[in-house]
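Asker: If you scroll down you'll find the structure; I have some questions about it.
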Amino acid sequence: MELREETIESKEVFSGRLVKLRVDRVRLPNGRESTREVVVHRGAVAAVPLIDSDRVVMVRQFRQAAGETLLEIPAGTLDPGEDPAECVIRELEEEIGRRPNRVTLMFRSYLAPGYSSEMLHTFLAEDLVPIESSSDEDEFIEIVEVRLDEAVDKILSGEIKDAKSICGILMAQRFLATRDSERMRS
């Protein structure tokens, strides 16, 4: 059975600075019709910035949608047409005042494919160099350094609770362990 839905009609009902909202009328695989509400987002990046193989630079900031202050890995929205690797470097400079000499894409993921088109590109950022930076005027963040194993503990205790940080930290831990074991074999 073909699972694809056919878009019959699409109507933009809201256009904001970061997102658009679209309502699609679709034909289902069984021939019936339904509607889908889609948040259209141009995509984002996130990074697990490592000071060394043991310490991660994170940010603490208030998130209006969650209604609380969260401890997160740095992240930001792609500018139209921007390369994700260039965007993650820009975001790290703005948010944590450090420029990575090496960024490695670990994975790409849809954040909420049931209603959003947002694709997140998550990087490991290494060889960080401090730089002069200025954050966005509407962004208030606290920079926090955490040992990687402590960050994993904070995930397990529920202190770190946003999906991008959970996935990024756990994938970075796995990525580093795999890379270390490959180095030991060579």
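The values are calculated or read from the model by the stated rules, or taken from the named source; none is laboratory data. Worth saying up front: this structure is predicted, and the values here are computed from it rather than measured. Glycine gets a Cβ as well: all are built from the backbone with ideal geometry, and neighbour counts include every protein chain shown.
Asker: Taking into account only those residues within the stretch 34-45 that are assigned to a strand (DSSP E or B) and of a type outside the set (A, V, I, L, M, F, W, C), which is farthest from Phe107 (Cα to Cα)?
Answerer: Here the answer is Ser34.
Asker: Go through (1) exposed (fewer than 14 other Cβ atoms within 10 Å of the Cβ); (2) in a strand (DSSP E or B) one by one and return the number of the condition Gly31 breaks.
Answerer: Of everything listed in (1) exposed (fewer than 14 other Cβ atoms within 10 Å of the Cβ); (2) in a strand (DSSP E or B), Gly31 misses just condition (2).
Asker: Oh, and also: Have a look at Val146, Val152 and point out the one that is at pLDDT 95 or above, surrounded by 16 or more Cβ atoms within 10 Å (Cβ to Cβ) and not in a helix (DSSP H, G or I).
Answerer: Going through Val146, Val152 in turn, just one is at pLDDT 95 or above, surrounded by 16 or more Cβ atoms within 10 Å (Cβ to Cβ) and not in a helix (DSSP H, G or I): Val146.
Asker: Output the number of residues of the stretch 129-172 satisfying the condition of being among the aliphatic types (A, V, I, L, M) and more than 17 Å from Val45 (Cα to Cα).
Answerer: The qualifying residues number 12.
Asker: Go through the stretch 88-101 and report how many residues are surrounded by fewer than 22 Cβ atoms within 10 Å (Cβ to Cβ) and on the phi < 0 side of the Ramachandran plot. Explain how you work it out, then say what you get.
Answerer: Pass one, the stretch 88-101, residues surrounded by fewer than 22 Cβ atoms within 10 Å (Cβ to Cβ): 89-90, 93-94, 97-99, 101.
Those still in the list that are on the phi < 0 side of the Ramachandran plot too: 89-90, 93-94, 98-99, 101.
Number of matching residues: 7.
Asker: Given the criteria assigned by TED's automatic domain parsing to the domain that holds Arg60, in a strand (DSSP E or B) and either surrounded by 15 or more Cβ atoms within 10 Å (Cβ to Cβ) or modelled with pLDDT of 95 or more (or both), does Gly168 qualify?
Answerer: no
Asker: Name the residues in the stretch 27-42 that are under 30 Å from Asp79 (Cβ atoms) and touching a Lys or Arg at 6+ places or on another chain (Cβ under 9 Å), would you?
Answerer: Answer for the stretch 27-42, where residues must be under 30 Å from Asp79 (Cβ atoms) and touching a Lys or Arg at 6+ places or on another chain (Cβ under 9 Å): Arg36, Glu37, Val38, Val39, Val40, His41.
Asker: Another one. Yes or no: the stretch 118-137 includes at least one residue that is buried (at least 16 other Cβ atoms within 10 Å of the Cβ), at positive phi and modelled with pLDDT of 95 or more.
Answerer: no
Asker: What's the number of the condition Cys87 fails, among (1) more than 15 Å from the chain's Cα centre (by Cα); (2) modelled with pLDDT of 95 or more?
Answerer: For Cys87, the failing item is (1).
Asker: Oh, and also: Condition first: surrounded by fewer than 19 Cβ atoms within 10 Å (Cβ to Cβ), basic (Lys, Arg) and within 14 Å of the chain's Cα centre (by Cα). Can you find one or more residues in the stretch 48-70 that meet it?
Answerer: No.
Asker: Additional query: Quick check on the stretch 31-48. Is at least one of its residues modelled with pLDDT of 95 or more, among the polar types (S, T, N, Q) and outside the structural domain of Glu132 (by TED's automatic domain parsing)?
Answerer: Yes; the residues of the stretch 31-48 include at least one that is modelled with pLDDT of 95 or more, among the polar types (S, T, N, Q) and outside the structural domain of Glu132 (by TED's automatic domain parsing).
Per-residue answers, yes or no, for (1) more than 14 Å from Pro49 (Cα to Cα); (2) in contact (Cβ under 8 Å) with a residue 24 or more places away in the chain:
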site: Thr122; (1), (2): no, yes
site: Ala125; (1), (2): no, yes
site: Glu139; (1), (2): yes, yes
site: Ile143; (1), (2): no, yes
site: Ile155; (1), (2): yes, no
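Asker: Looking only at the stretch 4-27, decide whether some residue is part of a loop (DSSP other than H, G, I, E, B) and under 21 Å from Phe175 (Cβ atoms).
Answerer: Looking for residues that are part of a loop (DSSP other than H, G, I, E, B) and under 21 Å from Phe175 (Cβ atoms), one finds none in the stretch 4-27, hence no.
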